[in-house]
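Asker: Here it is, the structure, as structure tokens.
The values are calculated or read from the model by the stated rules, or taken from the named source; none is laboratory data. Quick caveat: nothing in here was measured; it's all calculated off a predicted structure. Note: ideal-geometry Cβ built from the backbone for every residue, glycine included; neighbour counts use all protein chains shown. Note: areas computed on protein heavy atoms with side chains; ligands, DNA, RNA excluded. Shrake-Rupley method; radii C 1.70, N 1.55, O 1.52, S 1.80 Å.
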Amino acid sequence: MADSFELQGKRVLVVGLARTGVATALFCASRGAIVTATDTRTENEIGEAVAPLRTADVKLELGGHWENTFLEQDLIVPSPGVPADAPLLQAARGKGVTIWSEVELADRFLSGRLIGITGSNGKTTTTSLIEHILKNAGFSTILAGNIGTPLIARVEYTSDDSVTVVELSSFQLELIETFRPNISLFLNLTPDHLDRHHSLEAYASAKARIFENQTEADSAVLNADDPATTPLAPAKPQVYWFSRKQRVAQGAFVRENEIVFRHDGREDAVLSLKEIPLPGAHNVENVLAAVVATRLAGACAAAIAKGVRSFTGVEHRLEFVAEIGGVRYYNDSKATNVDATLKALDAFPGRILIFLGGKDKGFDYTLLQRPLREKAILALLIGAAAEKIEKQITGSVAIERAGTIERAVEIASHAARPGDVVLLAPACASFDQFQNYEQRGRVFKELVHQLERQAASTSSGRG
């Protein structure tokens, strides 16, 4: 927990009124701040979120931003979707206005311990798994952050005994000041959000800020198998590693198909790989990271193993949807970058019909060529990035421009044969056709369930 912060009477501007912005505005207003909330969208476009803000006496400036409003504040809290280098934020910064992310503000009011998880891929699964293990081991836990519930909306539920497990994006970390997790995890680093950060180095630097304020009393957990993150290991906190490929000095590793935790020279077997209920080598890495974090938090090996075995996974992450006529459908809508899609392809032996496309974030899709050649039989392209993806994967797999997810499901249902896998793992953001990856995944699932109902109806009709 950082130094406390007095909001009473402070002029606070919240920029962007999605989930995080609304929660931040209401939090600040409840503590006596003079709150203004601004969004480029109109009141009609924002919808029902406006009503509680009006009730809380939040001043609204909608349909655009006004520079004077930015310059007249004590504190500005931009939503994660607002670039930190936006011109109006730069102007306010030049006038000495404090600009924090929502997690920085929330940290000043939190009680108890904090576990923070960042990385390019696996954050949500690992965050959920850590919270699940600790909760089932008897800890008082709170799950928050980039996973769906803003951290600031959970502040009231924290106590001296609680452990808050928070997923952290680069957007949230780039505007911290004193934010400090007791246990931090940096899972991996692959190109992502380059449209926002402009370079891999800037993206990595934003992520690495998770370690910035940690002390010798804290712990940092990194992936020993990831050459992009190992150089980012911090100097102050105690450093622990996880690895599928090598024995580590401190942390978790795989030995003869068993996960082992090593600390101060002692090694404890935790569970066997075959007990992990989630598919794919990347999920072994997620479990290894969770083993380290939960062991450091105080859970015993038996409780950790029990928690892993009972974990059913997370919606939109290699989520099994249905099996129809011997064809299995999986929703990995959270695969919003190329590396996540590579991991999804790696989770299955072959004969994959994959949905690719959406809003491009500046990726190199040629990296998909080899696994598509080896694993896939058809790529169904959707959304704004379809043309770029087609150019970069041509020759590696049969391609069909479906355009929409509805059409892609229709085509896949006719093309797939028993034993095939239909996989939504788009390698792109969703914002060209959907509000977010969750909506994209739920639309996909509903379309698959419609197919399932049709198949059941046809089958009963034959009966």
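Asker: Looking at the chain, identify the longest residue range that excludes and avoids all GluC sites (Glu not before Pro) in DSSP loops having at most 11 other Cβ atoms within 10 Å.
Answerer: Between exposed loop sites, the widest span is 7-215.
Asker: Let me ask something else about it. Compute the separation of the alpha-carbon centres of segment 334-404 and segment 207-231 and state it in Å as a whole number.
Answerer: Cα centroid to Cα centroid, the span is 31 Å.
Asker: Kirkwood hydrodynamic radius of segment 361-463 from all distinct Cα pairs, in Å?
Answerer: Kirkwood hydrodynamic radius for segment 361-463: 14.9 Å.
Asker: List the lysines whose Cα lies under 24 Å from the Cα of Lys343, skipping any in the same chain that are fewer than 8 positions away.
Answerer: Those lysines meeting the cut-off are Lys123, Lys207, Lys245, Lys274, Lys334, Lys359, Lys361, Lys375, Lys388, Lys391, Lys445.
Asker: Please name which of Val82, Ser184, Leu13 has its Cα lying farthest along the dipole of the chain towards the positive end, using unit charges on Cβ (Lys, Arg +1; Asp, Glu -1) and the Cα centre as origin.
Answerer: Ranked along the dipole, the leading option is Ser184.
Asker: Pairs of alpha-carbon atoms within less than 8 angstrom and 6+ residues apart define the contacts here; what relative contact order does the chain have, in percent?
Answerer: Computed over the chain, the figure is 11 percent.
Asker: Mean residue ellipticity at 222 nm from the helices of the chain, using -39,500 (n - 2.57) per DSSP H segment of n ≥ 4 over the full residue count, to the nearest 500 deg cm²/dmol?
Answerer: -10000 deg cm²/dmol
Asker: Let me ask something else. Taking only protein heavy atoms into account and a 1.4 Å probe, give the accessible area per residue of the chain in Å².
Answerer: 41
Asker: Moving to a separate point now. When only C-alpha pairs under 8 Å and at least 6 residues apart count, what is the relative contact order of segment 37-88, in percent?
Answerer: Over segment 37-88, the number comes to 39 percent.
Asker: Carbon and sulfur: what percent of the chain's accessible surface (1.4 Å probe)?
Answerer: It is 47 percent, rounded to a whole number.
Asker: I would also like to ask the following. Where the only charges are on Cβ atoms (+1 Lys, Arg; -1 Asp, Glu), what is the dipole of the chain about its Cα centre, to the nearest 20 debye?
Answerer: 1000
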